[in-house]
Each structure stands twice: as C-alpha cells, then as structure tokens.
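The values are calculated or read from the model by the stated rules, or taken from the named source; none is laboratory data. It should be emphasised that the depicted structure is a prediction, and the values quoted were computed from it without experimental measurement. With ideal geometry, Cβ positions are generated from the backbone for all residues, glycine too; neighbour counts draw on all protein chains shown. Side chains included, ligands, DNA and RNA excluded: accessible areas come from the protein's heavy atoms. Shrake-Rupley method; radii C 1.70, N 1.55, O 1.52, S 1.80 Å.
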Amino acid sequence: MFSRVFRKSKDKNDHIATLDKLNETLVSLEKKEKVLQRKAAEETERAKEFTRAKNKRAALQCLKRKKLFEQQIEQLCNFQLRIHDQMIMIEGAKVTTGTVDALRTGAAAMKAMQKTMNIDYVDKTMDEVNEQTENIRQIQEALAAPIGSGADFDEDELEAELDALKIDDLEEQLLQPATSTIPATPLHIPLVKQSAQTSSRTRDRDSDEEFAELQREMAL
C-alpha cells in the first residue's frame with residue numbers, strides 16, 4: 001500500500017516537473033518570436049528608407065533578411081504549437097489516470113462491503129423484517145377486536161331496525177298536510193307617463209284654438 005502511495009506521489013511530481021519544463025520552453029520561444037518580429041519590422045523600415053534613397057540593392061537585401069526572420073518566426077510558431085499540444089495531452093493523461101484510480105478505489109470499496117454482506121445475510125434480514133411485520137399486524141387486529149357485549153351484536157338485526165326507522169320517518173312526512181303560502185304581490189301600473197301624454201295633447205289643442213281665433217280677428 002505504501003509503495004503504491006509513493007509511486008502515485010512520484011508520478012504526480014514527474015507530471016508537474018514535465019509541465020513546468022514545457023511551460024518554460026514555451027515562454028522562451030514566445031520571447032524569441034517577439035525579438036524576430038521586431039527585427040523583421042526594422043528591416044521593413046530600412047527597406048523603405050533605401051527605396052526613397054534610390055538604393056535598390058540595399059532595399060532588396062533588407063527584404064531578404066526580413067523574409068529570413070519571418071521564416072524563423074513561422075518555425076517558432078510551429079514549435080509553440082507542438083508544445084501546447086504536448087501539454088494538453090499530458091493534462092488529459094492526468095485526468096484519465098485520476099479517473100481510473102478513482103474507479104479502482106470505488107471498486108475496492110464495493111468489494112470490501114460485499115465481504116460483510118452476501119445474499120444469505122440479506123435473505124435472513126428480510127425474513128426477520130417480515131416476521132416482525134406479521135407480529136405487529138396480529139397485535140393490531142387483537143387490539144381492534146370488540147370487547148364484552150359489543151361482540152354479541154347481530155349485524156343483520158341492526159340493519160333491519162335501521163330500515164324500519166327509515167320507513168316510519170317517510171310515513172310521517174307523507175301524513176303531514178301540504179300547505180302553500182305564496183304571498184300575493186299587488187300589481188301597480190305606473191300612470192305618470194300616461195298623465196304626461198294627456199296633458200301634452202291638451203296644451204297642443206289649446207294652442208291650435210288660440211291661433212285660429214287670431215286668424216279670424218285679422219280677417220275682420
């Protein structure tokens with residue numbers, strides 16, 4: 001057991017050391033890339049200056065050096081990509097290893113638990129549970145049983161007596177006199193609207209008579 005723990009600790013330290021080394025190399029490559037990019041930019045500016053000065057040969061030399069720097073930059077980018085890929089693979093391997101170790105630990109724990117619990121033990125436990133459940137049910141039935149004179153009642157006789165009571169009650173309801181007390185509601189007819197219409201017709205007739213009288217006076 002101790003040898004396994006020691007081996008796990010050693011493997012973990014090796015992984016950490018490997019990742020640290022790769023990370024240091026990656027940082028160094030990034031620094032070199034920046035330097036080369038700066039040199040390529042300088043060669044571009046120098047080529048522009050020689051072009052303005054009509055020095056074609058010097059301008060071409062600057063562009064050639066710029067191309068060489070760009071090739072080195074591309075190579076460094078490929079190196080960085082490979083290192084990134086290697087780091088990702090190592091991290092994935094660490095995750096896989098940790099997962100397998102966890103599963104192995106869980107399997108060992110389940111195996112240890114099964115040593116103390118087999119199918120015979122489970123069957124015996126279930127038999128005991130069922131026996132205790134049956135005992136409790138019998139006790140509850142014994143407590144619920146009627147005691148004394150309550151156990152001698154005839155259920156059929158009680159049902160017959162209940163039916164007789166229902167028939168007597170129905171006969172009493174049929175013998176009661178049926179009375180209907182519906183209050184009469186007086187009918188009121190509103191006369192206000194009719195009176196108003198009669199008064200309006202009277203005023204119209206009086207106005208017509210006055211107008212006719214006025215016409216006769218004017219004719220004289």
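For the reader, a short list of remarks on this structure follows.
- Peptides 91-99, 78-86 ordered by packing proxy, namely the average of other Cβ atoms within 10 Å per residue, highest first: 78-86, 91-99.
- Protein accessible area in segment 70-136, 1.4 Å probe - carbon and sulfur %: 61 percent
- Here the Karplus relation 6.51 cos²θ - 1.76 cosθ + 1.60, evaluated at θ = phi - 60°, turns the backbone of segment 58-65 into coupling constants of 5, 5, 5, 4, 5, 5, 5, 5 Hz, with x for every Gly and Pro.
- Rounded to whole numbers, the Karplus 3J(HN,Hα) couplings from phi for segment 117-131 are 8, 10, 5, 5, 5, 5, 4, 5, 5, 5, 4, 5, 5, 5, 5 Hz, using 6.51 cos²θ - 1.76 cosθ + 1.60 with θ = phi - 60°, and x at Gly and Pro.
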